[in-house]
Amino acid sequence: MLSESGAEAEEDVLVSDAADDGRTFARGVMGGRRGMTGEGVTARGVRGRVYRQGDDYDRFMSPYDPSAFPPFAVTVDLVVLTVRRHALCALVVRRGEPPFQGRWALPGGFVRGDEDLSAAAARELSEETGLCAQDPAGPAPAPGNGAHLEQLATYGDPRRDPRMRVVSVAHLALAPDLPAPRAGGDAHSARWAPVEDLLSQDGGFGREDEQPAPLAFDHAQILADGVERARSKIEYSSLATAFCPAEFTVGELRRVYEAVWGVALDPRNFHRKVTGTPGFLVPAGGTTTRQGGRPAQLFRAGGATLLNPPMLRPEV
């Protein structure tokens, strides 16, 4: 390459320098640029001069003033779904503090300064349900203590929270039939409620002894998006097994599909589809009569993550 004087110089090699702004150049025997210098090695192994580009880099960057931008907070909201009494249910909490005090809402909370989004969602899930988010790369949670957790969508309407500008990164969590929840944080109480009731267009949700009201904030939209994600994803993936215990029957898996989709499925056709997909279900080596009737074979979720062909959702 050419130096400032037009003469050919040794090539510049970009190397890292944690003490500066992350950009330094290792030059060969011909130095000469303005800036801080030191010893370095070129790509050809020639020891030369190190040029730190901070001055030139800053000169071409416009000044950055954090105070020129409005502050905002980041939260995580959880759509926690399970199947209870053959119905798809979501976890809701009654808010104990303003805004929307006394209204039902999805569980969630503010992201702490020292955690990323997935860690915040996993923390909130643990605080609200006692469940651990399943990490495919980590050790398996204790039996009955794991939940599928994935990022759903981001919601940033400037008017979604009356306190200040709050951006929420919603997450979807799925788990087998869960026990009664416990309230945490600013929640006054918590309960499982059928999704059909929570998304009712007849004035919102409420217990029998209270006036129905819409979910707080934009949580009705977040819940609807999470339910649709679950409904569409079980068509082509093994996500439905996240609603099942470690070992389950084909009939129990079918009832998961029926609860999530809200339709009745033909038992024989369903059995043929799920057992005909290689790696989707793996025999667990036992039987059970917990559903009544004749002993039914137990299965575990296999290694296949996609259903081919997909199990298309019936039109309602």
* Of everything in the stretch 252-269 that's of a type outside the set (A, V, I, L, M, F, W, C) and part of a helix (DSSP H, G or I), which residue is surrounded by the most Cβ atoms within 10 Å (Cβ to Cβ)? -> 257
* Structure fact -> Of the residues in the stretch 63-81 that are surrounded by fewer than 23 Cβ atoms within 10 Å (Cβ to Cβ) and within 19 Å of the chain's Cα centre (by Cα), the one that is farthest from residue 175 (Cα to Cα) is 73
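If only one of 112, 103, 49 is open to solvent by 90 Å² or more (accessible area, probe 1.4 Å) and modelled with pLDDT of 90 or more, which one is it? Quick ask: steps written out before the conclusion?
Details: 103 fails: open to solvent by 90 Å² or more (accessible area, probe 1.4 Å); 49 fails: modelled with pLDDT of 90 or more.
It is 112.
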* Is there any pair with a first residue in the stretch 234-246 that is exposed (fewer than 15 other Cβ atoms within 10 Å of the Cβ) and a second that is of a type in the set (Gly, Ala, Ser) whose Cβ atoms are under 8 Å apart and which are 6 or more apart or on different chains, and what are they? -> 245/144; 246/144
* With (1) without any contact (Cβ under 8 Å) to a residue 24 or more places away in the chain; (2) within 13 Å of residue 88 (Cα to Cα); (3) crowded, with 16+ Cβ neighbours inside 10 Å as the list, and residue 228 as the residue in question, which single condition is left unmet? -> (3)
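The rows are residues; the columns are (1) at pLDDT below 70; (2) in a loop (DSSP other than H, G, I, E, B); (3) buried (at least 17 other Cβ atoms within 10 Å of the Cβ); (4) of a type outside the set (S, T, N, Q).
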position	(1), (2), (3), (4)
144	yes, yes, no, yes
157	no, yes, no, yes
161	no, yes, yes, yes
164	no, yes, no, yes
169	no, no, yes, yes
176	no, yes, yes, yes
179	yes, yes, no, yes
184	yes, yes, no, yes
196	no, no, no, yes
* Asked: In the stretch 290-304, what residues are open to solvent by less than 80 Å² (accessible area, probe 1.4 Å) and more than 33 Å from the chain's Cα centre (by Cα)?
  -> 292, 293, 296
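Each row is one residue, and each column tells you yes or no for (1) closer than 26 Å to residue 195 by Cβ; (2) in contact with a Gly (Cβ under 7 Å, 6 or more places away or on another chain).
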| site | (1), (2) |
| --- | --- |
| 241 | yes, no |
| 252 | yes, no |
| 261 | yes, no |
| 294 | no, no |
| 302 | no, yes |
| 313 | yes, no |
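Could you list all residues from the stretch 237-251 that are under 22 Å from residue 295 (Cα atoms) and either part of a helix (DSSP H, G or I) or aromatic (Phe, Trp, Tyr) (or both)?
Quick first cut of the stretch 237-251, residues under 22 Å from residue 295 (Cα atoms) only: 241, 243-251.
Hits for the stretch 237-251 are 241, 243, 248, 250, 251.
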* Structure fact -> All conditions in (1) in contact with an Asp or Glu (Cβ under 9 Å, 6 or more places away or on another chain); (2) not in a loop (DSSP other than H, G, I, E, B) are true of residue 272 except (1)
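The values are calculated or read from the model by the stated rules, or taken from the named source; none is laboratory data. All figures in this text were calculated on a predicted structure; none of them were measured in a lab. Heads up, the Cβs are rebuilt from the backbone with ideal geometry, glycines too, and the neighbour counts pull from every protein chain shown. Quick note on the areas: whole protein, heavy atoms, side chains included, nothing else; ligands and nucleic acids left out. Shrake-Rupley method; radii C 1.70, N 1.55, O 1.52, S 1.80 Å.
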